[in-house]
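This report refers to the structure that appears directly beneath it.
The values are calculated or read from the model by the stated rules, or taken from the named source; none is laboratory data. Since the structure is predicted, the reported quantities are computational estimates derived from the model, not experimental observations. Virtual Cβ from ideal backbone geometry, glycine too; neighbours counted across all protein chains shown.
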Amino acid sequence: MTDTTWHIPDPDPQPDFYADVPLKRFLAWLVDSVLTLVFCVLVLPFTAFTGLFFLPFLFLAIGLVYRTATIAKGSATWGMRLFALEFRTASGHRFDGTMAFLHSMGFTFSCAVPLVQLASILLMLTGSRAQGLTDLVLGTVAINRRAAC
């Protein structure tokens, strides 16, 4: 019987899966941040503009919902899709709703605590799989999308 399961690619024999991933993650983060800001502006009137008093919290909360919803739907945010990235679990599967929420919570925590975010960025830049802190904790990776998916 042939093993038809797909696992996380090894960066040594398959470096194409990780080529330019830190740069693409950064660019995707920029796109996602702009989209989150647009959503915040759209939500502000519904808070009677009191959301201006807690705008950083509102930004994090809307970002959490945005990331969880988009990652649960296609294992990538809209920014990641634009740059042909996707998340995979340790077993090589795409994210489900629970994993999307856990990863988004980790990302939101990293954004809320600058030293944690800095550590995560350094890990992405130095690791062979370009994993951030949340990725290491959950055993996940962001990879270039496979053409055959």
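Does segment 114-134 contain at least one residue that is at pLDDT 95 or above, of a type in the set (D, E, K, R) and outside any helix (DSSP H, G or I)?
no
Quick one: count up the residues across segment 95-149 that are closer than 18 Å to PRO15 by Cα, surrounded by fewer than 16 Cβ atoms within 10 Å (Cβ to Cβ) and in contact with a helix residue (DSSP H, G or I) (Cβ under 6 Å, 6 or more places away or on another chain).
Number satisfying all stated conditions: 1.
Would you confirm, using the coordinates I've provided, whether PHE57 is crowded, with 16+ Cβ neighbours inside 10 Å and of a type outside the set (A, V, I, L, M)? It would help to see each step written out before you state the result.
Working: crowded, with 16+ Cβ neighbours inside 10 Å: no; of a type outside the set (A, V, I, L, M): yes.
No; evaluated as a whole, the condition is false for this residue.
Considering only segment 84-117, state which residues are closer than 15 Å to TRP29 by Cα, touching an Asp or Glu at 6+ places or on another chain (Cβ under 9 Å) and among the hydrophobic types (A, V, I, L, M, F, W, C).
Scanning segment 84-117 gives a single hit, PHE87.
Evaluate segment 22-35: report whether one residue or more is assigned to a loop (DSSP other than H, G, I, E, B), under 22 Å from HIS93 (Cα atoms) and either touching an Asp or Glu at 6+ places or on another chain (Cβ under 9 Å) or at pLDDT 95 or above (or both).
For segment 22-35, residues assigned to a loop (DSSP other than H, G, I, E, B), under 22 Å from HIS93 (Cα atoms) and either touching an Asp or Glu at 6+ places or on another chain (Cβ under 9 Å) or at pLDDT 95 or above (or both): absent.
Consider MET99 against the criteria (1) assigned to a helix (DSSP H, G or I); (2) more than 12 Å from the chain's Cα centre (by Cα): it satisfies all of them except one. Which criterion is unmet?
(2)
With the condition kept exactly as written, say whether any residue in segment 59-79 is within 12 Å of the chain's Cα centre (by Cα), modelled with pLDDT under 95 and closer than 20 Å to GLY132 by Cβ.
First pass over segment 59-79, keeping only residues within 12 Å of the chain's Cα centre (by Cα): 63-64, 66-72, 74-79.
With modelled with pLDDT under 95 added as a condition, the list becomes 74.
Right, trim to closer than 20 Å to GLY132 by Cβ and you get 74.
Within segment 59-79, one or more residues are within 12 Å of the chain's Cα centre (by Cα), modelled with pLDDT under 95 and closer than 20 Å to GLY132 by Cβ.
Mind listing just one residue for me: the one in segment 29-50 that is over 16 Å from VAL65 (Cα atoms) and without any contact (Cβ under 8 Å) to a residue 24 or more places away in the chain and, of those, surrounded by the most Cβ atoms within 10 Å (Cβ to Cβ)?
Once the filter is applied, the top-ranked residue is THR47.
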